[in-house]
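To start, the structure under review is shown below, and the notes come after it.
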Amino acid sequence: MNYLVTVAIFIGIQAIAANGLNVIVGYAGQISLGHAAFFGIGAYASALLTTKAGMTFWQALPFVLLITGSIGLLLGMPSLRLREDFLAVTTIGINFIVESIFQYIPFFGGALGISNIPSIRLFGTRLRGWPFLGVVAFFLLLSLLANRKFTKSCAGLACFAIREEETAAASMGVSPVRFKLLAFVIGTAMAGIAGALYAHTMRFIAATDFGFPHSVNFMSMVVLGGIGTLWGPTLGAIILGLLPEIFRPLIQYRMLINALILLLMIRFQPGGILGGSSVLARLFRRRPSHG
Amino acid sequence: MLLEVRSLEVSYGDIHALHGVSFEVSQGELVSIIGANGAGKSSLLNAIMGITPLAGGSIWYQGKDISALPSHERARLGIRMVPERARVFPILTVYENLLAGGYRRPKNKAFEEKLEWLYSLFPVLAERRTQLAATLSGGEQQMLAIARALIAEPSILLVDEVSMGLMPALVDKVFEVLQQLNRDHGLTILLVEQNASASLRISTRGYVLETGTLVLTGTAAALLADERVRSAYLGI
């Protein structure tokens, strides 16, 4: 039972980060292959604030949001000048830079990382197992609600317009600068929360937990589940989180299996499991809202 | 003067697309700029909208120099464009495309009325309001692009090669709508067109653009009668 709870906690945490990536890639159409960097920034921010500044997880949380969101704003700037492939390469670069800062600067614990990160407490009790899963589920729900609200909002529509035809959107009064950066801030802040939850469940973090392969993993979840859909990234996180557990005897083929699934997906269901033209989506099709 | 362009220069690297283009459009006019492929017609509209940077000269709108403003701010001042090849948002529905066009406008009764009016102007859009814009035909996409621009109640509408790729019957229909908007609703329109006869027939005035320079100007009737225009653009 404990084992299942732990698996569920990790899936939930990754789903929160994947939902954040969906805002950037799915809604605003800005490719990011450096999402793990922001997951890491959230983890390190919360770890340092709780171990060095003596805050509790809850006290640190607003600062974690503020720190990851503002670094997200700063590192989202390349998206203002770069398109697609160039942006992808730049965000990969950002991931490596952030990882090496954690790795080589003593303030961040260097290669030893940060240990003895306190558990999350609520009303004086340490949260482990089920109660911790409850907290993760709460934040996952929040991220889903936020995304749902975002897609129904004026800002969401502006992001979609930029994703589809940036110049046409700009010539209708939609500021590409503002909405690309907004998407980066929301998306990276979600990664930050996920990272903080990760730090407090692992209670030990090191730079390699936030490397480029993890960014690829987040992207795989979004693509597998259905890019730009509400439930897709969560579904992707569940599938990619469960697979290694189910195929534990085949653990050394894990990357092979993941790659195979992605390739088949892109070949046969390019919109993802819940994407517009997929088999599942057609089953659950609801008619778009009328004008 | 609603719009005034003064000795405009646009270049892409070493290639000069426009040099020293000056013209103006007054309130309530329908002005055509005709020219062949590569004359610089789209560069001109893109420069006015702020999509292409200026290499020189200035653009004045309602008495203000807007040369340095980014396109979304020009849009907020009431300049709207129907871009070449429509450029609708392909995987948003027709209705969502129109909503995006009315971005920053309150979705109140006036907006609903405007929407109904556009649906009556282009009934095909009403039929397809829940369809993705990508599934529309070329002509329907042009109509959607026009409606998307009109929903924001612009003070000037820039129309880029609306006739391109449309079948002749649709070209007539689209020009008829533009003429009606200008005549009955007082909308100021700046058209750039390869289809000289169709656009001059509905215009008040016109300019002829050749390899980046305005070579001829006059009332639409005078241009239609001009020997050079007749031989070069009307094939008569």
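The values are calculated or read from the model by the stated rules, or taken from the named source; none is laboratory data. Computed from a prediction, not measured in an experiment: that's the story for all the values here. No Cβ is skipped: glycine too gets one built from the backbone with ideal geometry, and neighbour counts run over all protein chains shown. These accessible areas exclude ligands, DNA and RNA; they are computed on the full protein's heavy atoms, side chains included. Shrake-Rupley method; radii C 1.70, N 1.55, O 1.52, S 1.80 Å.
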Shape call, region A:1-90: gyration tensor on alpha carbons, a/c limit 1.5 = oblate
note = For A:Leu142, the accessible surface traced by a 1.4 Å probe with all protein chains present amounts, in square angstrom to the nearest 10, to 80 Å²
query = What residues of region B:63-78 lose no less than 10 Å² of accessible area with every protein chain in place versus their chain by itself (probe 1.4 Å, heavy atoms only)?
reply = B:Ser71, B:His72, B:Ala75, B:Arg76
key: Of A:Lys149/B:Lys109; A:Lys152/B:Lys173; A:Lys149/B:Lys107; A:Lys52/A:Lys149; B:Lys41/B:Lys107; A:Lys152/B:Lys109, pairs whose Cα-Cα distance is over 25 Å   = A:Lys152/B:Lys173; A:Lys52/A:Lys149; B:Lys41/B:Lys107
query = If you average the sequence gap of Cα pairs under 8 Å that are 6 or more apart and divide by the length of chain B, what percent do you get for the contact order?
reply = 28 percent
ask   = Can you give the mean number of other chain Cβ atoms that lie within 10 Å of the Cβ atoms in peptide B:90-97?
value = 5
remark   = Heavy-atom accessible surface buried between A and B, both sides counted, 1.4 angstrom probe, nearest 100 Å², is 2200 Å²
key: Residue-by-residue Karplus 3J(HN,Hα) for region B:32-41, coefficients 6.51, -1.76, 1.60, Hz, glycine and proline x   = 10, 10, 9, x, 7, 3, x, 6, x, 4
request  = Enumerate the amide H contacts of A:Gly173 below 5 Å, restricted to partners 5 or more residues apart or on another chain; note that Pro and chain-start residues carry no placed amide H.
outcome  = B:Ala75
inquiry  = Quick check: from the Cα gyration tensor, does the protein assembly as shown come out rounded (a/c under 1.5), prolate or oblate?
reply    = prolate
ask   = Taking Cα centroids, how far is region B:186-236 from region B:136-169 in Å?
value = 20 Å
ask   = Once the whole set of protein chains is in place, how much accessible area is left on B:His16, using a 1.4 Å probe, in Å² to the nearest 10?
value = 120 Å²
key: Pairwise label distance in nanometres, A:Arg254 with A:Arg203, each label 7 Å out on the Cα-Cβ vector   = 2.2 nm
key: Exposure rank, largest accessible area first [B:Lys109, B:Lys114; 1.4 Å]   = B:Lys109, B:Lys114
Accessible area of region B:87-156 divided out per residue, in Å², using a probe of 1.4 angstrom = 38 Å²
remark   = Taking every residue of B:10-18, the Cβ atoms of other protein chains inside 10 Å of its Cβ average out to 0
inquiry  = Solvent-accessible area of B:Trp117, probe 1.4 Å, all protein chains present, reported in Å² to the nearest ten, please.
reply    = 70 Å²
request  = Can you send over the carbon and sulfur percentage of the accessible area for region A:2-211, probe radius 1.4 Å, protein chains only?
outcome  = 70 percent
request  = Work out which residues of region B:121-139 lose at minimum 30 square angstrom of accessible surface when the other protein chains are put back, relative to the chain isolated, with a 1.4 angstrom probe, and list them by number.
outcome  = B:Arg129, B:Thr130
message = Residue by residue through region A:143-160, what is 3J(HN,Hα) from phi via Karplus (6.51 cos²θ - 1.76 cosθ + 1.60, θ = phi - 60°)? Round to whole Hz and write x for glycine and proline.
response = 5, 5, 4, 4, 5, 5, 5, 4, 5, 8, 8, 4, 5, x, 4, 4, 5, 4
note = With the 8 Å Cα cutoff and a minimum separation of six or more residues, chain A has a relative contact order in percent of 34 percent
inquiry  = Which order do the peptides B:191-197, A:2-8 come out in when sorted by mean C-beta neighbours inside 10 angstrom, highest first?
reply    = B:191-197, A:2-8
remark   = Once phi for every residue in region A:222-227 is put through the Karplus expression 6.51 cos²θ - 1.76 cosθ + 1.60 (θ = phi - 60°), the whole-Hz ³J(HN,Hα) values, with Gly and Pro written as x, are 5, 5, 5, x, x, 5
ask   = Using modelled amide H (1.01 Å from N, peptide plane; none on Pro or chain starts), what sits under 5 Å from the amide H of B:Ser22, excluding residues fewer than 5 places away?
value = B:Ser7, B:Leu8, B:Leu214
message = Using amide H atoms built in the peptide plane, which far-off residues or other-chain residues are under 5 Å from A:Arg203 H to H?
response = none
